[in-house]
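The values are calculated or read from the model by the stated rules, or taken from the named source; none is laboratory data. Predicted model only: the values in this text are computed from it and were never measured. A quick note on method: Cβ atoms are made from the backbone with ideal geometry, for glycine too, and the neighbour counts reach across all protein chains shown. These accessible areas exclude ligands, DNA and RNA; they are computed on the full protein's heavy atoms, side chains included. Shrake-Rupley method; radii C 1.70, N 1.55, O 1.52, S 1.80 Å.
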Amino acid sequence: MMRRFYQLEQAIREVFLRDAFPEYEDPQVRRMARAVHSLPRFHRQLFCLVRYENWPYVEIAAQFDISMRRVEIEMGRTFFMLSLSLDRQKRKGW
(Lines give C-alpha, C1' and ligand atoms only; values in the text may rest on other atoms or scores of the structure.)
Protein backbone atom coordinates (compact mmCIF):
# COMPACT_ATOMS: atom_id res chain seq x y z
CA MET A 1 0.00 0.00 0.00
CA MET A 2 2.69 2.51 0.96
CA ARG A 3 4.72 1.63 -2.13
CA ARG A 4 1.83 2.67 -4.37
CA PHE A 5 1.41 5.86 -2.38
CA TYR A 6 5.10 6.70 -2.80
CA GLN A 7 4.95 5.97 -6.52
CA LEU A 8 1.85 8.12 -6.96
CA GLU A 9 3.45 10.95 -5.00
CA GLN A 10 6.56 10.71 -7.17
CA ALA A 11 4.57 10.71 -10.42
CA ILE A 12 2.68 13.84 -9.34
CA ARG A 13 5.90 15.63 -8.38
CA GLU A 14 7.41 14.66 -11.73
CA VAL A 15 4.68 16.50 -13.60
CA PHE A 16 5.48 19.71 -11.75
CA LEU A 17 9.20 19.27 -12.47
CA ARG A 18 8.80 18.72 -16.21
CA ASP A 19 10.38 22.03 -17.22
CA ALA A 20 12.79 22.16 -14.28
CA PHE A 21 16.58 22.22 -14.57
CA PRO A 22 17.01 23.93 -17.95
CA GLU A 23 20.62 24.67 -16.94
CA TYR A 24 21.51 21.03 -17.65
CA GLU A 25 22.07 20.61 -21.37
CA ASP A 26 22.39 16.82 -21.28
CA PRO A 27 18.90 15.23 -21.26
CA GLN A 28 20.10 12.28 -19.14
CA VAL A 29 21.42 14.57 -16.42
CA ARG A 30 18.19 16.59 -16.52
CA ARG A 31 16.12 13.39 -16.19
CA MET A 32 18.22 12.24 -13.25
CA ALA A 33 17.87 15.60 -11.48
CA ARG A 34 14.09 15.50 -11.98
CA ALA A 35 13.96 11.89 -10.76
CA VAL A 36 15.91 12.68 -7.58
CA HIS A 37 13.83 15.77 -6.83
CA SER A 38 10.59 13.88 -7.43
CA LEU A 39 11.38 11.32 -4.72
CA PRO A 40 9.40 11.48 -1.47
CA ARG A 41 11.24 13.48 1.19
CA PHE A 42 12.56 10.54 3.24
CA HIS A 43 13.85 8.69 0.18
CA ARG A 44 15.44 11.84 -1.23
CA GLN A 45 17.25 12.36 2.10
CA LEU A 46 18.47 8.76 2.10
CA PHE A 47 19.68 9.02 -1.48
CA CYS A 48 21.53 12.28 -0.83
CA LEU A 49 23.19 10.97 2.34
CA VAL A 50 24.37 7.79 0.63
CA ARG A 51 25.34 9.13 -2.80
CA TYR A 52 26.44 12.69 -2.19
CA GLU A 53 27.65 12.70 1.41
CA ASN A 54 28.94 9.08 1.51
CA TRP A 55 27.30 8.17 4.81
CA PRO A 56 27.45 4.47 5.72
CA TYR A 57 24.16 2.69 6.36
CA VAL A 58 25.07 2.33 10.05
CA GLU A 59 25.20 6.10 10.55
CA ILE A 60 21.98 6.62 8.60
CA ALA A 61 20.24 4.01 10.73
CA ALA A 62 21.40 5.77 13.89
CA GLN A 63 20.42 9.20 12.55
CA PHE A 64 16.86 8.14 11.68
CA ASP A 65 16.57 5.67 14.58
CA ILE A 66 15.76 2.73 12.30
CA SER A 67 17.42 -0.63 11.74
CA MET A 68 20.15 -1.30 9.20
CA ARG A 69 17.81 -3.67 7.39
CA ARG A 70 15.20 -0.89 7.08
CA VAL A 71 17.83 1.39 5.53
CA GLU A 72 18.70 -1.32 3.00
CA ILE A 73 15.03 -1.88 2.17
CA GLU A 74 14.32 1.83 1.75
CA MET A 75 17.42 2.32 -0.42
CA GLY A 76 16.19 -0.51 -2.62
CA ARG A 77 12.84 1.26 -2.92
CA THR A 78 14.64 4.50 -3.68
CA PHE A 79 16.58 2.97 -6.56
CA PHE A 80 13.41 1.28 -7.83
CA MET A 81 11.53 4.60 -7.80
CA LEU A 82 14.42 6.33 -9.55
CA SER A 83 14.46 3.73 -12.31
CA LEU A 84 10.69 4.02 -12.75
CA SER A 85 10.96 7.79 -12.97
CA LEU A 86 13.78 7.67 -15.52
CA ASP A 87 11.85 5.18 -17.67
CA ARG A 88 8.65 7.21 -17.42
CA GLN A 89 10.42 10.42 -18.42
CA LYS A 90 12.15 8.74 -21.34
CA ARG A 91 8.85 7.28 -22.62
CA LYS A 92 7.21 10.70 -22.44
CA GLY A 93 10.09 12.28 -24.33
CA TRP A 94 11.14 14.68 -21.59
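Using only the Cα atoms of the chain, each taken as one equal point scatterer with no solvent, compute I(q) by the Debye sum, divide by I(0), and report log10 of the ratio at q = 0.16, 0.22 Å⁻¹.
The calculated log intensity ratios at q = 0.16, 0.22 Å⁻¹ are -0.66, -1.08.
Ranking request for peptides 21-32, 55-66, 79-90: highest mean number of other beta-carbon atoms within 10 Å first, then the rest in descending order.
Top to bottom by mean Cβ count within 10 Å: 79-90, 55-66, 21-32.
Only Cα pairs under 8 Å and at least 6 apart count here; give the relative contact order of the chain as a rounded whole percent.
33 percent
Treating only the Cβ of Lys, Arg, Asp and Glu as charged (+1, +1, -1, -1), what charge dipole size does the chain show about its Cα centre? Round to the nearest 20 debye.
Value, rounded to 20: 480 debye.
With Kirkwood's inverse mean 1/r over C-alpha pairs for Rh, give me the Rg to Rh ratio of the stretch 46-87, two decimals please.
Rg/Rh: 1.01.
Order LEU39, LEU8, LEU17, most accessible first, counting only protein heavy atoms with a 1.4 angstrom probe.
The ranking, largest first, comes out as LEU8, LEU17, LEU39.
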